[in-house]
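The values are calculated or read from the model by the stated rules, or taken from the named source; none is laboratory data. On a predicted model such as this, the values are computed, not experimentally measured, just so you know. Reconstructed Cβ throughout: ideal geometry from the backbone, glycine too, with neighbour counts over all protein chains shown.
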Amino acid sequence: MAHAIPRLTYSGPALFSMGFRPFFLLAGLFAAIAVPLWLAMFTGAVTLRGPFDPVDWHIHEMLFGYTAAVIAGFLFTAVPNWTGRMPARGVPLALLAALWLAGRLAVAGVLGLDPVAVAVIDSAFLLAIGAMIGIEIVAGRNWRNLKVLVPVTLYAATNIAFHLGALSGAGTEGSRRAAFAVILFLVMLIGGRIIPSFTRNWLAAQRAARMPVPVNRFDGISLAVAAAGLLLWVAGPDSVATGVTLLAAAGLQLVRLSRWRGLAAWRSPLLLMLHLAYAALPVGLAVTGLAAFGLASPVAGYHLLGIGAIGGMTLAVMMRAAMGHTGRPLVAGRLLSLAFLLVLGAALIRVLAADTMGGLVLAAALWTAGFALFSLKVGPWLVTQRAGRKRPSGAAR
């Protein structure tokens, strides 16, 4: 059972009162800035002086910049619920956000550091996240959730490997696939918990007769096959074993998704977003599996998984978490629904028109617009007090 977060007095800025606030804000703004910047780098209009070439910069910053911020915000909000201890807030949280920002500036070459120093600064963020989460879980004796350190540690290791590959000239292909694999497994693991749970709650409120199938052995089997397929993909993306296992994993994840009754929740856009984003995962796995046989483009698989599954899922989770933890109704509204559809459209355009400059520009524009809308709508919630919170006695009106 989750513990209630302690409600002790906090008088600092609202932005640093809970972990999701600064990191979701940074993630949204960075997502809206990084892709246009990448497009400018791709066309030669902008040159960064960091340690990575333009393609590696783009991949690294999506995997370890944007996604790392979302994961940090999620974990620093979830862990206090698991442990019943005070969340990281105030100065420690601000310093963590500053460390993340320092990593982005260092990787972009803005700080003028040598590649080793860049690697140290950038790698320090995920290592700090893992250390702080581990300390909190152990201090709260919440041993059941100690296993979350495994994917976080692997995630941090893939970032270090990415830097080492670039530094040594060995390349970053293996480490980028490994990072994708860790993040996708987290999407499957966390998505498999929250999506059916949120759907069940909504359907119960609607007095529906049928509910999502509870987590059972089938979920474990589907996760195990997906993990095997991803490991094979990391080791050898073009092998027959990789293709067969990824296709099997795609089929199992599609069946898994069908058990969560997403179609019955079509009247709740905020809930439907989670189902649609998760649907991009089996499609992306299938395309990646076909790519192992030369029947599809590996780039298409990357973007279905990266934009559709990871981008869509993280955006939907940030929306819902921000609403719930800032006291807003769990209603997406037109603006946030449009933001999600724009990001989903970016995935489709990036795949269907991958070989055209026009398609690349349109996909970048859709992604940027989606996260810009998210930042404009949700940003003010993140920097202000929880809705409905009373002012302290004597506070200025």
For the structure I just gave you, tell me whether VAL148 is within 13 Å of the chain's Cα centre (by Cα) and closer than 30 Å to SER258 by Cα. no
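Assigned by TED's automatic domain parsing to the domain that holds VAL182, buried (at least 20 other Cβ atoms within 10 Å of the Cβ), assigned to a helix (DSSP H, G or I) and touching a Ser or Thr at 6+ places or on another chain (Cβ under 7 Å), is that true of ALA339?
Details: assigned by TED's automatic domain parsing to the domain that holds VAL182: yes; buried (at least 20 other Cβ atoms within 10 Å of the Cβ): yes; assigned to a helix (DSSP H, G or I): yes; touching a Ser or Thr at 6+ places or on another chain (Cβ under 7 Å): no.
Judged against the criteria, ALA339 is not a match.
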Over the stretch 240-278, the set of residues in contact (Cβ under 8 Å) with a residue 40 or more places away in the chain and β-branched (Val, Ile, Thr) is VAL240, THR242, VAL244, THR245
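For GLY324, state whether it is within 22 Å of PRO196 (Cβ to Cβ), modelled with pLDDT of 95 or more and in the same structural domain as LEU231 (by TED's automatic domain parsing).
So GLY324 fails the test.
Suppose we filter ALA224, ALA181, ALA209 for residues that are part of a helix (DSSP H, G or I) and free of Cβ contacts under 8 Å to residues at least 12 places away in the same chain; which single one remains? Steps first, please.
On the way: ALA181 fails: free of Cβ contacts under 8 Å to residues at least 12 places away in the same chain; ALA209 fails: part of a helix (DSSP H, G or I).
Only one candidate passes the filter, namely ALA224.
Results for (1) surrounded by 17 or more Cβ atoms within 10 Å (Cβ to Cβ); (2) under 27 Å from ALA40 (Cα atoms); (3) within 22 Å of the chain's Cα centre (by Cα), shown as yes or no for each residue.
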residue: MET86; (1), (2), (3): no, no, no
residue: ALA98; (1), (2), (3): no, yes, yes
residue: ALA119; (1), (2), (3): yes, yes, yes
residue: ILE135; (1), (2), (3): no, no, no
residue: ALA139; (1), (2), (3): no, no, no
residue: ALA157; (1), (2), (3): yes, no, yes
Quick one: is LEU189 modelled with pLDDT under 95 and in contact with a Gly (Cβ under 7 Å, 6 or more places away or on another chain)? no
Test of understanding: among ALA332, ALA346, ALA363, which residue is crowded, with 21+ Cβ neighbours inside 10 Å, in the same structural domain as ALA181 (by TED's automatic domain parsing), within 25 Å of PHE76 (Cα to Cα) and touching a residue at least 12 places away in the same chain (Cβ under 8 Å)? ALA332
Test for ASN159: is it closer than 22 Å to GLY103 by Cα and either touching a residue at least 40 places away in the same chain (Cβ under 8 Å) or not in a helix (DSSP H, G or I) (or both): yes
Tally, over the stretch 36-58, of residues that are buried (at least 19 other Cβ atoms within 10 Å of the Cβ) and outside any helix (DSSP H, G or I): 3
Taking the stretch 97-113 as the search range and keeping residues that are touching a residue at least 60 places away in the same chain (Cβ under 8 Å) and of a type in the set (Gly, Ala, Ser), which one is farthest from PHE64 (Cα to Cα)? GLY112
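Part of a helix (DSSP H, G or I), buried (at least 21 other Cβ atoms within 10 Å of the Cβ) and without any contact (Cβ under 8 Å) to a residue 60 or more places away in the chain, is that true of GLY28? Break it down into steps so the answer makes sense when it comes.
Working: part of a helix (DSSP H, G or I): yes; buried (at least 21 other Cβ atoms within 10 Å of the Cβ): yes; without any contact (Cβ under 8 Å) to a residue 60 or more places away in the chain: no.
Considered against the rule, which asks whether it is part of a helix (DSSP H, G or I), buried (at least 21 other Cβ atoms within 10 Å of the Cβ) and without any contact (Cβ under 8 Å) to a residue 60 or more places away in the chain, GLY28 comes out as no.
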